[in-house]
1. Let me confirm one metric for peptide A:361-371, namely the mean number of other chain beta-carbon atoms within 10 Å of its residues' beta-carbons.
2. What is the spin-label model distance, in nm, from A:Lys126 to A:Glu474 if the labels are put 7 Å beyond Cα along the C-beta direction?
3. For the stretch B:19-50 and the stretch A:121-159, write down the distance between their C-alpha centroids in whole Å.
4. Using alpha carbons only, how many angstrom separate the centre of the stretch A:473-497 from the centre of the stretch A:237-251?
5. Based on the alpha-carbon gyration tensor of the stretch A:288-408 and its eigenvalue square roots a ≥ b ≥ c, which shape applies: rounded if a/c is under 1.5, prolate if not and a/b is larger than b/c, or oblate?
6. Return A:Lys460, A:Lys365, A:Lys233 ranked ascending by Cβ neighbour count within 10 Å, so the fewest neighbours appear first.
7. How would A:Phe179, A:Phe337, A:Phe17 line up from fewest to most surrounding beta-carbon atoms within 10 angstrom?
8. Net charge near A:Phe431, counting Lys/Arg +1 and Asp/Glu -1 over other residues with Cβ under 11 Å of its Cβ?
Amino acid sequence: MNDGVNGVALGVFIFFFLAVTVMGFLAARWRKAENEHSLDEWGLGGRSFGTWVTWFLLGGDLYTAYTFVAVPAAIYAAGAAGFFAVPYTILVYPLIFTFLPRLWSVSHKHGYVTTSDFVRGRFGSKGLSLAVALTGILATMPYIALQLVGIQAVLDVMGVGGGENTNWFIKDLPLLIAFGVLAAYTYSSGLRAPALIAFVKDTLIYIVIAVAIIYIPIKLGGFDEIFASADKKYTEAGAGGLIPPAAAQWGYATLAFGSALALFMYPHSITATLSSRSREVIRRNTTILPLYSLMLGLLALLGFMAIAAGVLVTNPQLAIPQLFEDMFPDWFAGVAFAAIGIGALVPAAIMSIAAANLFTRNIYKDFIKPDATPAQETKVSKLVSLLVKVGALIFVLTMDKTVAINFQLLGGIWILQTFPALVGGLFTRWFHRWALLAGWAVGMVYGTIAAYNVSTPTQKHFGGSSAEIPGIGEIGYIGLTAFVLNVVVTVVLTFILKAAKAPEGVDETSPEDYTADAGDPGVKQELPKVGAGH
Amino acid sequence: MSDAPEVNRGVVTPVRVVIALCLIAPFVAMLWVGSYAKTDPELAGIPFFYWYQMLWVLISTLLTMVAYKLWQRDQRARASQKGGAPE
C-alpha cells in the first residue's frame, strides 16, 4: 500500500480540500445573521434551515467515514456481519418520525439548544442534565475518532502516511494537518461551514458511488463473480461468510436495533434537527433521508468488491481506498479520496460543535459561570470544540484502528444510556428523575465494564462491542443490554420513589408544548437571544 | 362529523393504528434476521440476504411516506374540527 506517492490523486485531493477550506471560511458570510456572537448563531446556524439544507446536514452527520470506510471494511473482514448497518439505518427513520418532532416543538417553545436543556427543564434536575451532557461529550469523541481514522486511511493509501518504520510524527503528520484545518474553519464559521460544505461532499460522494457501483462490478465480471470470490475467501480464512449463521443473528439484530436507538441521542444529530425551520421539515425529511440508506447498502457491497479485486491489506480500513486506487484512473481516485476525506471532515466538524454546545450550555453556564455573556458562551464553545477533537485524537492513538466500526459502537453504548431520560421525557413525566439518574449510572457502568472486558488478539481491552447477554446466553450488542438494564432499574426505582413520595422536581413544560409548530403562539422562528435568556 | 365528536377525538383511531403499523413493520421485518438469512433466491447475482434488506429501504420509505400523509390528514381533520365546533 505504501508504493510511493500517487501524485495525480494527491493533486486532485488537495484541490478539493483547498476549495472546501475556502468555502468553510466564506461560509461565515452566508445567510449572515444580526448577531453572530450568539451561541444560537454559531451553533445552530440561526435555526433557519429548510428541508433541503436540513437533509444535507442530517445526511452529513449520519453518513460519514462510518459509511464509506468502517462499514465496507467490516464487510471486507467479516462478511455479512458488517451489513447490520443497513437495517440500522432503516430503523432510524420510523424512530425519527415518532419522537423528534416533539423535541423540536418543545425546544423551540422553551429555547432549548441541547438535550440536556430539555432534560433539565422537563425534570427540574441539574444532576440528570449534567449526566446527559457528560455522556454526550464522551460518546462523541470515539465517533469523531472514527472520522479521523477515515481521513488517515485515505492519506495512507495515497502514500502520504509513511510506513510502519517511519517515526510516529511523520506517520501521523497528515492526520494532524487534516485535524488542524478542520479545527480552524469550524472555529471561525460554526455550523454554517459544514452545512455549506455538505453540498460539495454529497455531490462528490454520489458521483463516486454511481461510478463505483456501475464501473467496478463490470470490471470484475458481475456480482456473481464478486460474491463467489468473497465466499471463497471467507471459507478459506475460516472467518465470516455471506450470510450470518444462527449464532450470530442475535448479534446482528441487537447491533442494528441498538445503533438505531442510539443515533438520535447524539448531540450532533439533535443539533441538525433543531436547526431546521419547522416541525414539518423533520417529518418531510424522514421520507427522503432513506436515499442515504440505499447509498450505504451499495457502499457496503464495495467490501466484497475489494475481495474480488484482489485487494490485500492487513488493515481492513484501507480496503476501500485501496480498491479505488487499483480500479480508477488516478485523477478519479483523487476525486474519490476527496469525497471520503471531506465526508469525514464535515461530520467531525458538526459533532465537535454539538459537543461544545453541550458543554457550554449545561456545564459552563449551569455550574461554572451562570452569568456568562453570549459572547463568552460562544468563545467557550469554540475552545471546547477544539478540546473535543483532541479527545478524539487520543482515542485514535490508543485504540485498535483496524476495527474502526468499534469506535462508533463504543460511543453508542454510552449515548444509548441517555435514551430513557430524553425519549421517555418527551412522552411522559411518569419516570422519577432520581430513578432515571440511577438507571443511567447502572447502564454506563455495566456498558463500560462489559466493553472493557472484550479482548481480541490485537487488543486486551475494548476489543469489541458485543458480549454474552446475561440470562439469554446469546452474543449481543453490549449497548442494548446496558440499555435494558437501565430501563429496568429506572422503572423499579420510579415505583419505589413514588411510593416514598420523593420530590418530583418542577416541570417547566406543558403538554401543548410538544405539538406546537412554527407560527403557533410562543414559538419563535429564530431565537437569537437564547444564549442570554436562559 | 360534528355529531360524533367523541369517536373522532379519541386517542386511538383507525387511522392512527395504520400509522403505527407502518412505523412498526420495519422493526419486525429487520429484527427477525432468521427470516432472511439465506442466499437464495439471488437477484442479478446478489444473494437474497443483501437485496432483501436493500429492498426494505424502499419499502420502509414508502411506509414512512404513507404514515406522514395520514398523519397530516389526521392533524388537519382535528384542527378543522376544533375550529368548526368550539366548545
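1. 0
2. 4.5 nm
3. 31 Å
4. Distance between centres, Cα-based: 27 Å.
5. It comes out prolate by the Cα gyration axes.
6. Least to most surrounded, the residues fall as A:Lys460, A:Lys233, A:Lys365.
7. A:Phe17, A:Phe179, A:Phe337
8. Details: positive: A:Arg122, A:Arg429, A:Arg433, A:Lys498; negative: A:Glu504.
Charge balance near A:Phe431 sits at +3.
None of the figures in this text is laboratory data; all of them are computed from the coordinates on show. Remember, it's a predicted structure, so these values are computed and weren't measured experimentally. Neighbour counts are summed over all protein chains in view; Cβ atoms, including those assigned to glycine, are modelled from backbone coordinates with ideal geometry.
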